[in-house]
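The values are calculated or read from the model by the stated rules, or taken from the named source; none is laboratory data. From a predicted model like this one, the values you see are computed outputs, not experimental measurements. For neighbour counting, all protein chains shown are included, and Cβ atoms are generated from backbone atoms with ideal geometry for every residue, glycine included. For the accessible areas, the whole protein counts, side chains as well, though only heavy atoms, and no ligand, DNA or RNA atoms are used. Shrake-Rupley method; radii C 1.70, N 1.55, O 1.52, S 1.80 Å.
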Amino acid sequence: MIPQELLELINSGESVTVEFKKSRTEVTKDVYETVCAFSNRNGGHIFLGVKDNGEILGIEVDKIDKIKKEFVTSINNENKMYPPLYLTPIEYESDGRHILYIRVPVSQDVCRCNGRIFDRNHDSDIDITHHSDEVYRLYARKSGSYYVNKVFPVFGISDLRMDLIERAKIMTRSRAKDHPWMDMTNEEVIRSAGLVLKDPSSGEEGITLAAILLFGTDQMIMSVLPQHKTDAIFRVFNTDRYDDRDVVITNLIESYERLMAFGKKHLNDTFHLDGIQSVSARDNILREIVSNLLAHRDFSSGYVAKLIIEKNRVYTENANLSHGDGALNLTSFEPFPKNPPISKVFREIGLADELGSGMRNTYKYTKMYSGGEPQFVEGDIFRITIPLTEVATAIVGPGAYVINGGEINGEINGEINGEITLSKTDQKVLLAIRKNPHIKRQELILSLEIGKSTLDRSLKKLKGMGILKRVGSNKNGYWNCIL
């Protein structure tokens with residue numbers, strides 16, 4: 001009889017790990033393609049004698065031995081399947097109908113069928129032989145190598161931004177006041193973080209892609225990884241397009257700061273207690289999803305990473321070297337390191353915690369913030385979805401002014417709440433800051449063509465009204481604008 005666990009697989013239908021084949025009298029060609037695809041992806045279960053809809057059709061009894069022999073012979077033939085696989089079909093019977101069950105494990109090597117490479121996508125076997133990006137990701141999954149360890153001998157440590165390395169050293173104090181990085185030179189920090197390696201092909205030493213992404217200049221990053229970009233979008237009022245947007249093309253540390261500022265700008269910080277201590281559930285959620293978005297993405301892919309805030313949810317998307325498919329379960333989730341050198345630096349400077357803790361923290365603080373549960377979906381695109389209540393994106397509270405008749409993402413009218421009037425200069429300053437929260441005072445003076453004293457008066461007025469707030473230092477901070 002067919003075991004209950006196999007019946008449950010059949011009843012669940014075809015998926016990324018389950019495939020049905022009629023094969024009543026012979027092994028059809030596409031069976032071997034599925035074996036190849038399962039070997040290259042997550043492994044899987046093949047049922048011969050079952051229709052696509054899950055109906056048990058059965059194999060002709062006098063053909064069962066022939067099918068078994070044919071399958072085993074072919075699967076061990078290097079010209080058919082490379083490397084050869086050692087799989088044995090198991091016969092089961094239900095109501096007089098016989099099926100063959102084949103369990104295909106994950107292969108440690110890239111598998112080819114008739115010289116072609118197949119990968120599994122949902123319930124289909126995809127020929128990726130001539131898709132170089134997909135083939136690269138497949139080899140990366142199998143080899144355990146990391147794209148961010150790619151070496152660039154043309155660049156040295158001196159080409160990195162020394163100010164960013166110094167800032168990172170200071171940030172380590174969030175973990176320990178006597179962190180060892182504080183007593184190291186900048187070169188020692190980079191080497192201790194594993195950001196200098198030898199090119200295996202030439203033997204030359206150089207900084208890695210991880211080093212460039214963390215501490216490189218924007219020009220250097222674009223020269224080695226032109227697809228590097230994170231798109232932050234706020235879409236609550238203008239749902240056809242967006243209300244606010246920040247296209248972030250810079251190093252990962254400043255990308256983190258800008259994405260955090262974007263999230264804080266558009267999500268209300270509601271009051272919550274963790275025991276007897278007040279905590280910012282919003283900030284803790286943003287910390288986890290932003291650090292995951294930056295540190296664990298597949299940088300070899302051209303897929304644009306996204307942070308999107310909508311009325312009833314926040315979600316992130318990034319390319320991913322997956323180790324499974326579908327929604328992740330908190331109780332059974334096993335974390336895999338995606339970009340260890342980047343994750344290590346993020347942990348040292350306090351932007352992330354130990355591997356696996358982020359998922360637990362996100363569950364905890366999402367329960368506080370919205371009462372719902374986050375969703376983590378593994379695949380070639382990794383997605384995190386945080387449900388929101390209406391108050392999260394509503395304009396509420398003292399100092400949360402409403403613009404009468406003005407567009408959220410177009411212009412600011414002179415009159416706010418019918419009482420307070422903004423001058424043309426005030427409006428220009430606000431619009432410039434909304435476009436770039438990291439804009440410097442001198443940049444405002446030059447771009448708006450106003451004097452220093454005029455700018456100072458306008459900023460003082462806007463801060464006094466509660467519309468504008470400076471977060472952090474004048475040199476490294478940013479503006480938080482509620483309009």
What's the magnitude of the charge dipole for the chain around its Cα centre, counting Lys and Arg as +1 and Asp and Glu as -1 at the beta-carbon? Answer in Debye, nearest 20. 1680
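Applying a 10 Å radius around every beta-carbon, put 214-221, 86-93 in order of their mean neighbour count, most first.
214-221, 86-93
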Need one value: the accessible area of T239 in square angstrom, 1.4 angstrom probe, rounded to the nearest 10. 90
Can you compute the charge dipole magnitude of the stretch 1-118 about its Cα centre, using +1 on each Lys and Arg Cβ and -1 on each Asp and Glu Cβ, nothing else charged? Give it in debye, rounded to the nearest 20. 400
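Going down the list K428/K460; K66/K142; K21/K66; K29/K63; K428/K469, which pairs span over 26 Å between their C-alpha atoms?
Values: K428/K460 15 Å; K66/K142 34 Å; K21/K66 16 Å; K29/K63 17 Å; K428/K469 16 Å.
Beyond 26 Å between Cα atoms: K66/K142.
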Cut-off 16 Å, label point 7 angstrom out along Cα-to-Cβ of I249: give me the residues of the stretch 441-470 whose amide nitrogen falls inside. none
What FRET efficiency comes out for R360 versus L273 if R0 is 22 angstrom and r is the Cβ-Cβ distance? Round to the nearest 0.05. 0.70
If you take the square roots of the eigenvalues of the alpha-carbon gyration tensor of the chain and sort them as a ≥ b ≥ c, do you get rounded (a/c under 1.5), prolate (a/b over b/c) or oblate? prolate
Loop trypsin sites (Lys or Arg not before Pro), the stretch 420-483 (other Cβ atoms within 10 Å of the site Cβ: 14 or fewer; DSSP): K440, K475
Where the centroid of each part is defined by its Cα atoms, how far is the stretch 418-466 from the stretch 79-144 in Å? 61
Accessible area of the chain belonging to carbon and sulfur atoms, whole % at 1.4 Å probe: 49
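Over the chain, with the other protein chains present, what is the accessible area per residue in square angstrom, probe 1.4 angstrom? Display every interim value, and only then the final one.
Working: 23050 Å² over 483 residues.
With all protein chains present, the chain gives 48 Å² per residue.
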Put H131, H98 in order of accessible area, largest first, 1.4 Å probe: what do you get? H131, H98
The chain: calculated mean residue ellipticity at 222 nm from DSSP helix runs of at least 4, using -39500 (n - 2.57): -10000 deg cm²/dmol
For a test of the definition: using alpha carbon positions, the gyration tensor, and the 1.5 limit on a/c, classify the stretch 243-288 as rounded, prolate or oblate. oblate
Between the alpha carbon centres of the stretch 221-288 and the stretch 2-22 the gap in Å comes to 41
Work out how much length E334 to D52 would gain on full extension: take 0.36 nm times their residue separation and subtract the Cα-Cα distance, in nm to one decimal. 98.4 nm
Where a ≥ b ≥ c are root eigenvalues of the Cα gyration tensor, a/c under 1.5 meaning rounded, otherwise prolate if a/b exceeds b/c and oblate otherwise, the stretch 1-101 counts as oblate
